[in-house]
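A.B. asks: Have a look at the structure that comes next, please.
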Amino acid sequence: MNSLEARTVTESEFADWLRALNTGFLRAPTPSDEEVAGRLPHMDLARVQGVFDAGRCVATFRSFAQELTVVGGATVPTDAVTNVTVTPTHRRRGLLTRLMAKDLAAARERGDVAATLIAAEYPIYGRYGFGPAAWTTEWEIDIPRAGLDPRLSGTSAADGGRVDLVDAPEVRKLGPALHDRLRARQHGAVSRNDRWWDLATGNALFPNDPWTEPFYAIHRDAEGTVDGLLVYRADDHWGDAKQPQNRATVRSMIATTPAAERALWHFLCSVDWVTTVRTGNRAPDDLLPLLLPDPRAARVVTHADFLWVRLLDVVRALEARTYAVPGSLVLDVHDTTGLTAGRFHLDASPSGATCTPTTRSADLAMDVRELGTLYLGDESALRLAALDRIEELTPGAAALADGVFRAGRRAWCPDVF
C-alpha cells in the first residue's frame, strides 16, 4: 500500500491513465496517439485522478461540473463522477475509496450540492453515500401488433404540428435550447455542454470509434416551435420470404409536450420497412405503451437503476426542491464520511421548503444514501422503512415522508455520462 500513490494526473501521464481506463473497461488497452490527442483537450486535469504503482497507473477516476434538475424545476450544481476503474491486479486495496474521498471533499469545498453517477454495478456505490434516485426502462415495440395508422405518421392531429427530418447542423442549432426547456420541467435531467452536442452530431468524434450518421427528426407545433427531437438508427435485415424485418433503435428522444412525444413515436413506428423499435433509455412511467392502440405491443426489455445521487449539502439540497404536500419532519442523517451527518428540520410545502440544522428529536433516521434515493421523489419512504433502510422514530413519520417526498411523475435522466 505504501507504494501506491493517489493523485491528479499530469498531461504527460494522460496516455497511461487512458491505458488503465481502457483496461478497466475491457477495451483494447493501448490508446493511439490520435485518441490521446483527441481526448486530452476536453479533460480538466485538476479533476482527473489516478493511482500509480511504481509510476504505472492502476486506477482511474474523473469528475466534471454538471447541473441536476430537481423536483419543481430548479437546478443544483453537482459533481458528475465518471471513468471509474481499478485494474484487476489491484482490486480490494481501497483505491476507489481513496479517490472517491478526495473527489467528494473537493466537491463539497467547491459548493456542489450533490454528486451524481451512472453505476455500472449496483453494489459498489452505496458505501460511499450514493443511492439510486432515477430508474430507466427500455421497450421493444412490435409494430405490426401496435395498431397505429401509418397514414398519420407525419402529423400531430391534436395540435396541427408536423414532423420533419433534419441534418446534424440543424440539430446543433436547435437542440440545446430544446433540451434546456426539457430539463426545466423534467426532474432527474442533467445539463449538456457543447462537447455533448458535438459528439452527438458527428461534429467531433472519439478517435478509433467509427461514426455512423443517425437519422434526426424534429417535431414542430402549429406555431412552428420545435418541441421534440428524435435521433435513431436502423439496421438492414430481410427475412427469407423477401420481407423487410428492420429494427430502429432510438439513441435519444426528448419532447417538451405530450403531443410532440406522441407524434415522434407515431412517426418512427410508421417508417417503411421498420417492424421493430427499441426505445432506448426512457422513464419507467413513459407515455409510450399507452400511446399505442395495443399497449401489449411494447415489451419491457430493460428495467434497472440508472442515476445515482449522493447529497453533499443537505440544507441546500432539500431547500432547492418542492414537495407534493405540506409536512414537517426532523431527519437524522448518518454519514460515515462526516460530510453531511447531522439532524435537520425540514418544513416542506408545494411552493418550497426551509431546512435547518436542529437538536430536536428525530422523526426518521437514515443513511445519506437513503436520502439520496428519496431526493428526486422516485422512491417510497414507506417501502424503505419496510426494508429497514429507514428507521421510523415517530409513528406515522414514514407515511408523512412518503407523501412529502414523492413526485407525481417518475424521475428521468436522458443521458449516460
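The values are calculated or read from the model by the stated rules, or taken from the named source; none is laboratory data. If you're wondering where the values come from, they're calculated on a predicted model, not measured in any experiment. Reconstructed Cβ throughout: ideal geometry from the backbone, glycine too, with neighbour counts over all protein chains shown. Heads up: the accessible areas ignore ligands, DNA and RNA and are worked out on the full protein's heavy atoms, side chains in. Shrake-Rupley method; radii C 1.70, N 1.55, O 1.52, S 1.80 Å.
A.B. asks: Being exposed (fewer than 15 other Cβ atoms within 10 Å of the Cβ), of a type outside the set (A, V, I, L, M) and touching a residue at least 12 places away in the same chain (Cβ under 8 Å) narrows it down to one of THR136, THR225, THR212, so name that one. First the steps, then the outcome.
C.D. replies: Numbers: THR136 fails: exposed (fewer than 15 other Cβ atoms within 10 Å of the Cβ); THR225 fails: touching a residue at least 12 places away in the same chain (Cβ under 8 Å).
Selected residue: THR212, the only one of THR136, THR225, THR212 that is exposed (fewer than 15 other Cβ atoms within 10 Å of the Cβ), of a type outside the set (A, V, I, L, M) and touching a residue at least 12 places away in the same chain (Cβ under 8 Å).
A.B. asks: How many residues, within segment 190-224, are outside any loop (DSSP other than H, G, I, E, B) and under 25 Å from GLU261 (Cβ atoms)? Give the derivation first.
C.D. replies: If we filter segment 190-224 for residues that are outside any loop (DSSP other than H, G, I, E, B), which is where we start, we get 190, 194-200, 215-220.
After this cut, where a residue has to be under 25 Å from GLU261 (Cβ atoms) as well, the list is 190, 196-197, 199-200, 215-220.
Of the residues in that region, 11 qualify.
A.B. asks: Given the condition farther than 30 Å from SER63 by Cα, among the polar types (S, T, N, Q) and in contact with a strand residue (DSSP E or B) (Cβ under 6 Å, 6 or more places away or on another chain), answer yes or no: does some residue in segment 276-287 qualify?
C.D. replies: Within segment 276-287 (the criterion being farther than 30 Å from SER63 by Cα, among the polar types (S, T, N, Q) and in contact with a strand residue (DSSP E or B) (Cβ under 6 Å, 6 or more places away or on another chain)), the answer is yes, since at least one residue qualifies.
A.B. asks: Still on this structure, please answer the following. For segment 321-336, which positions are assigned to a strand (DSSP E or B) and in contact with a helix residue (DSSP H, G or I) (Cβ under 8 Å, 6 or more places away or on another chain)?
C.D. replies: Residues of segment 321-336 assigned to a strand (DSSP E or B): 327-334.
The answer is GLY327, LEU329, LEU331, VAL333, HIS334.
A.B. asks: Would you confirm whether any residue within segment 239-247 is among the hydrophobic types (A, V, I, L, M, F, W, C) and surrounded by 17 or more Cβ atoms within 10 Å (Cβ to Cβ)? Lay out the reasoning, then the answer.
C.D. replies: Initial filter on segment 239-247 (among the hydrophobic types (A, V, I, L, M, F, W, C)): 241.
Those left that are additionally surrounded by 17 or more Cβ atoms within 10 Å (Cβ to Cβ): none.
No - not one qualifying residue is present in segment 239-247.
A.B. asks: If we scan segment 297-307, do we find a residue that is closer than 30 Å to THR279 by Cα, in a helix (DSSP H, G or I) and modelled with pLDDT of 95 or more? Show your work before the answer.
C.D. replies: So in segment 297-307, the residues closer than 30 Å to THR279 by Cα come out as 297-307.
Within this subset, residues satisfying the condition of being in a helix (DSSP H, G or I) are 297.
Then drop every residue that is not modelled with pLDDT of 95 or more, which leaves 297.
For segment 297-307, residues closer than 30 Å to THR279 by Cα, in a helix (DSSP H, G or I) and modelled with pLDDT of 95 or more: present.
A.B. asks: Another question, then. From the list LEU339, LEU318, LEU290, which residue is farther than 19 Å from ALA407 by Cα, part of a helix (DSSP H, G or I) and modelled with pLDDT of 95 or more? Let's see the steps before the verdict.
C.D. replies: Numbers: LEU339 fails: part of a helix (DSSP H, G or I); LEU318 fails: farther than 19 Å from ALA407 by Cα.
Criteria check complete, one pass: LEU290.
A.B. asks: What pairs come up if the first residue lies in segment 304-319 and is surrounded by 24 or more Cβ atoms within 10 Å (Cβ to Cβ), the second is charged (D, E, K, R) and in a helix (DSSP H, G or I), and their beta carbons are under 8 Å apart, counting only those six or more places apart or on different chains?
C.D. replies: These pairs meet every condition: ARG310/ARG369; LEU312/ARG108.
A.B. asks: May I ask you to verify whether LEU230 is in a strand (DSSP E or B), of a type outside the set (Lys, Arg), touching a strand residue (DSSP E or B) at 6+ places or on another chain (Cβ under 9 Å) and open to solvent by less than 10 Å² (accessible area, probe 1.4 Å)? I'd like the intermediate steps shown before the answer.
C.D. replies: Working: in a strand (DSSP E or B): yes; of a type outside the set (Lys, Arg): yes; touching a strand residue (DSSP E or B) at 6+ places or on another chain (Cβ under 9 Å): yes; open to solvent by less than 10 Å² (accessible area, probe 1.4 Å): yes.
Yes; evaluated as a whole, the condition is true for this residue.
A.B. asks: Under 29 Å from VAL190 (Cα atoms), among the acidic types (Asp, Glu), open to solvent by 10 Å² or more (accessible area, probe 1.4 Å) and touching a strand residue (DSSP E or B) at 6+ places or on another chain (Cβ under 8 Å), is that true of ASP363? Explain how you work it out, then say what you get.
C.D. replies: Numbers: under 29 Å from VAL190 (Cα atoms): no; among the acidic types (Asp, Glu): yes; open to solvent by 10 Å² or more (accessible area, probe 1.4 Å): yes; touching a strand residue (DSSP E or B) at 6+ places or on another chain (Cβ under 8 Å): yes.
Answer is no for this residue.
A.B. asks: Can you spot a residue in segment 46-69 that is part of a helix (DSSP H, G or I), open to solvent by 10 Å² or more (accessible area, probe 1.4 Å) and of a type in the set (Asp, Glu)?
C.D. replies: First, pick out the residues of segment 46-69 that are part of a helix (DSSP H, G or I): 46-47.
Then drop every residue that is not open to solvent by 10 Å² or more (accessible area, probe 1.4 Å), which leaves 46-47.
Within this subset, residues satisfying the condition of being of a type in the set (Asp, Glu) are none.
No, segment 46-69 contains no residue that is part of a helix (DSSP H, G or I), open to solvent by 10 Å² or more (accessible area, probe 1.4 Å) and of a type in the set (Asp, Glu).
A.B. asks: Which of the residues belonging to segment 76-114 are outside any helix (DSSP H, G or I) and open to solvent by 40 Å² or more (accessible area, probe 1.4 Å)? Talk me through it step by step, then tell me what you get.
C.D. replies: Restricting attention to segment 76-114, the residues satisfying the condition of being outside any helix (DSSP H, G or I) are 76-87, 91-94, 111-114.
Those that are outside any helix (DSSP H, G or I) and open to solvent by 40 Å² or more (accessible area, probe 1.4 Å): PRO77, VAL86, ARG91, ARG92, ARG93.
A.B. asks: Output the residues belonging to segment 260-284 that are under 20 Å from VAL416 (Cβ atoms) and not hydroxyl-bearing (Ser, Thr, Tyr). If you could, list the steps in order and put the result at the bottom.
C.D. replies: Applying the first criterion (under 20 Å from VAL416 (Cβ atoms)) to segment 260-284 yields 277-284.
Of everything in segment 260-284, those that are under 20 Å from VAL416 (Cβ atoms) and not hydroxyl-bearing (Ser, Thr, Tyr) turn out to be VAL277, ARG278, GLY280, ASN281, ARG282, ALA283, PRO284.
A.B. asks: Is there a residue being open to solvent by less than 20 Å² (accessible area, probe 1.4 Å) and in a strand (DSSP E or B) anywhere in segment 368-375?
C.D. replies: Looking for residues that are open to solvent by less than 20 Å² (accessible area, probe 1.4 Å) and in a strand (DSSP E or B), one finds none in segment 368-375, hence no.
A.B. asks: Run VAL9 past the list (1) within 25 Å of the chain's Cα centre (by Cα); (2) open to solvent by less than 10 Å² (accessible area, probe 1.4 Å) and report the number of the one that doesn't hold.
C.D. replies: Of the numbered conditions (1) within 25 Å of the chain's Cα centre (by Cα); (2) open to solvent by less than 10 Å² (accessible area, probe 1.4 Å), the odd one out for VAL9 is (1).
A.B. asks: Quick one: in segment 376-417, of everything that is of a type in the set (Asp, Glu) and in contact (Cβ under 8 Å) with a residue 12 or more places away in the chain, which residue is most open to solvent (accessible area, probe 1.4 Å)? Steps first, answer last, please.
C.D. replies: Start the filter on segment 376-417 by keeping residues that are of a type in the set (Asp, Glu), which leaves 378-379, 388, 391-392, 402, 415.
Now narrow it down to the ones that are in contact (Cβ under 8 Å) with a residue 12 or more places away in the chain: 378-379, 391-392, 402, 415.
On the way: ASP378: 15, GLU379: 28, GLU391: 103, GLU392: 84, ASP402: 30, ASP415: 9 Å².
Restricting to residues being of a type in the set (Asp, Glu) and in contact (Cβ under 8 Å) with a residue 12 or more places away in the chain, the top hit is GLU391.
A.B. asks: Could you tell me how many of the residues in segment 176-189 are touching a residue at least 60 places away in the same chain (Cβ under 8 Å) and part of a helix (DSSP H, G or I)?
C.D. replies: Initially, segment 176-189 is screened for residues touching a residue at least 60 places away in the same chain (Cβ under 8 Å), giving 178-179, 181-189.
Next, from what is left, pick out any that are part of a helix (DSSP H, G or I): 178-179, 181-183.
Looking only at that region, the number is 5.
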